[in-house]
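Read through the structure below, which is laid out as structure tokens, and then see the notes.
The values are calculated or read from the model by the stated rules, or taken from the named source; none is laboratory data. Small disclaimer: the values here were computed from a predicted structure and weren't measured. Using ideal geometry, Cβ is built from the backbone for each residue, glycine included, and neighbour counts are taken over all protein chains shown.
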Amino acid sequence: MLIVADENIPFAPQVFAPLGDVRTIAGRDMTADVVRDAELLLVRSITRVDAKLLEGSNVRFVATATIGTDHVDQEYLKKRGIAFASAPGSNAESVAEYICSALLVLESRGLVELAKATIGIVGVGNVGSRVARVCRTLGMNVLLNDPPRARAEGPDGFVDLDTVAVQSDIVTCHVPLEKGGTDPTYHLVDEGLVAKLRPGAIVINSSRGAVADGEALKRGKGDGTIKALVLDVFENEPAIDLKLMVMCDLVTPHIAGYSYDGKVTGTRMIYEAACAFLEIEPQWPADLPPDDGLSVDLHGKKLVDAVRASYDIEADDRLMRERLNPNTPDGTRTGAAFDRLRKEYPRRREFAQWRVSGASGDVRTVVAGLGFRVEG
């Protein structure tokens with residue numbers, strides 16, 4: 001049995017080898033010819049899975065090692081009788097830690113005082129729930145907006161989007177991209193919403209690029225309505241809007257959920273789904289992911305130093321600005337550079353993999369609450 005897998009799915013060759021012959025390939029290089037003889041297809045978000053890719057193929061199981069599924073035509077899969085699996089929640093902790101790092105950096109720059117700030121979280125699923133936990137640990141006031149959950153669970157604890165805009169110092173988006181249905185999210189952050197923002201608000205988007213209208217963001221940043229802008233995602237990736245990139249206070253190449261641990265969890269989830277499809281017992285290697293023996297000494301240092309040691313968002317920001325030079329706005333080169341940043345992304349371990357010593361008092365409490373292994 002041939003298994004075709006995105007080369008950026010960690011350990012796919014080792015883990016899936018007992019199930020068949022594994023061939024890895026770049027996600028954007030997956031074509032109908034490449035996947036025609038495969039029975040299992042394993043992708044990430046940059047591969048569009050639809051009739052164009054699969055018609056006439058032997059594929060009978062598709063899995064995406066991501067929480068998002070908007071790149072997969074699930075209706076087509078159903079019509080063809082092709083099984084489908086994804087990895088909901090696999091990178092949720094990674095995104096929450098990305099938001100934590102962004103917030104602490106913005107505070108270190110004097111743009112916000114977190115203990116006095118209100119953050120509005122738009123979308124409170126696997127990711128948004130973890131973001132809420134992080135923000136409360138940082139002492140922030142948290143507003144939650146999630147219409148599907150509010151309908152299912154009752155309105156208590158939730159607010160509408162207008163309330164988020166009017167009352168929040170920071171708005172962060174964690175929703176799937178939906179262009180139709182009861183709760184469309186395409187351009188959810190548009191001119192109208194930006195106009196309602198509290199003057200000097202901070203906007204963060206690490207969900208999907210098209211959740212925010214790039215033109216609205218540029219106007220809002222340009223006229224000062226948006227004081228600070230943090231973007232991990234853009235419309236039309238990988239050929240992103242370089243003018244919007246330059247206006248960001250922190251900018252990264254769609255890597256918020258790219259922690260090593262989150263990606264390995266995604267591999268494990270789709271591996272177990274494939275085993276269930278094939279009706280075989282999964283045999284996940286006990287040593288994955290490995291313990292890298294990471295540690296940080298906080299004697300005489302601040303909370304932001306522990307977070308920077310484990311994930312330095314400013315390093316990602318600097319590298320992206322260097323690689324995507326807005327003075328040479330060539331779409332093809334921009335796209336290639338954007339993809340290369342993701343492909344060559346270094347190993348980033350989540351807070352739980354780090355041992356912290358030397359923390360005391362309130363810092364110790366917060367560090368432990370964020371998930372670090374506190375010692376001493």
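What to note about this one:
- K78 vs. criteria outside the structural domain of L177 (by TED's automatic domain parsing), modelled with pLDDT of 95 or more, farther than 25 Å from K263 by Cβ and out of contact with any Pro (no Cβ under 8 Å at 6 or more places or on another chain): yes
- Just one of the listed residues (A337, A359) is surrounded by 17 or more Cβ atoms within 10 Å (Cβ to Cβ), out of contact with any Phe, Trp or Tyr (no Cβ under 6 Å at 6 or more places or on another chain), under 22 Å from V134 (Cβ atoms) and modelled with pLDDT under 95, namely A359.
- Scanning the stretch 8-41 for residues that are touching a residue at least 60 places away in the same chain (Cβ under 8 Å) and out of contact with any Asp or Glu (no Cβ under 6 Å at 6 or more places or on another chain) turns up N8, I9, P10, F11, A12, Q14, V15, F16, P18, L19, R28, L40.
- Some residue of the stretch 359-376 being under 29 Å from I25 (Cβ atoms) and not in a helix (DSSP H, G or I): no
- Just one of the listed residues (R219, R151) is surrounded by fewer than 21 Cβ atoms within 10 Å (Cβ to Cβ), among the basic types (K, R), modelled with pLDDT of 95 or more and under 25 Å from I67 (Cα atoms), namely R151.
- Selection count, the stretch 58-79, where residues are closer than 17 Å to V22 by Cβ and part of a loop (DSSP other than H, G, I, E, B): 4
- Residue in the stretch 257-278 that is modelled with pLDDT under 95, of a type in the set (F, W, Y) and under 25 Å from G128 (Cβ atoms) present: yes
Rundown of residues vs (1) of a type outside the set (V, I, T); (2) in contact with a helix residue (DSSP H, G or I) (Cβ under 7 Å, 6 or more places away or on another chain); (3) in the same structural domain as V62 (by TED's automatic domain parsing), yes/no style:
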{"residue": "R268", "(1), (2), (3)": "yes, no, yes"}
{"residue": "A274", "(1), (2), (3)": "yes, yes, yes"}
{"residue": "G293", "(1), (2), (3)": "yes, no, no"}
{"residue": "V304", "(1), (2), (3)": "no, yes, no"}
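- Residue in the stretch 119-127 that is in contact (Cβ under 8 Å) with a residue 24 or more places away in the chain, surrounded by fewer than 20 Cβ atoms within 10 Å (Cβ to Cβ) and in contact with a helix residue (DSSP H, G or I) (Cβ under 9 Å, 6 or more places away or on another chain) present: yes
- Boolean, C100 is over 27 Å from L278 (Cα atoms) and touching a residue at least 40 places away in the same chain (Cβ under 8 Å): yes
- Boolean, T185 is buried (at least 16 other Cβ atoms within 10 Å of the Cβ) and either touching a Pro at 6+ places or on another chain (Cβ under 7 Å) or in the same structural domain as D70 (by TED's automatic domain parsing) (or both): yes
- Single unsatisfied condition, T66 versus (1) touching a Gly at 6+ places or on another chain (Cβ under 9 Å); (2) surrounded by fewer than 21 Cβ atoms within 10 Å (Cβ to Cβ): (2)
- Evaluation of V15 against (1) in contact with a helix residue (DSSP H, G or I) (Cβ under 7 Å, 6 or more places away or on another chain); (2) surrounded by fewer than 21 Cβ atoms within 10 Å (Cβ to Cβ); (3) over 24 Å from K78 (Cβ atoms) (one fails), failing number: (2)
- Qualifying residues in the stretch 72-97 (those that are polar (S, T, N, Q) and in contact (Cβ under 8 Å) with a residue 12 or more places away in the chain) - the one farthest from S207 (Cα to Cα): S86
- Checked against (1) in the same structural domain as R136 (by TED's automatic domain parsing); (2) over 23 Å from the mean Cα position of the chain (by Cα); (3) touching a residue at least 12 places away in the same chain (Cβ under 8 Å), E113 meets all criteria but (3).
- Residues of the stretch 4-17 that are closer than 23 Å to D261 by Cβ and either under 26 Å from the mean Cα position of the chain (by Cα) or of a type outside the set (G, A, S) (or both): A5, D6, E7, N8, I9, P10, F11, A12, P13, Q14, V15, F16.
- Taking the criterion of being closer than 25 Å to K302 by Cα and in a helix (DSSP H, G or I), the residues of the stretch 334-358 that qualify are F351, A352, Q353.
- Per-region count, the stretch 253-273, residues under 14 Å from the mean Cα position of the chain (by Cα) and more than 17 Å from A92 (Cβ to Cβ): 1
- Residue within the stretch 186-196 that is touching a residue at least 60 places away in the same chain (Cβ under 8 Å) and of a type outside the set (A, V, I, L, M) present: no
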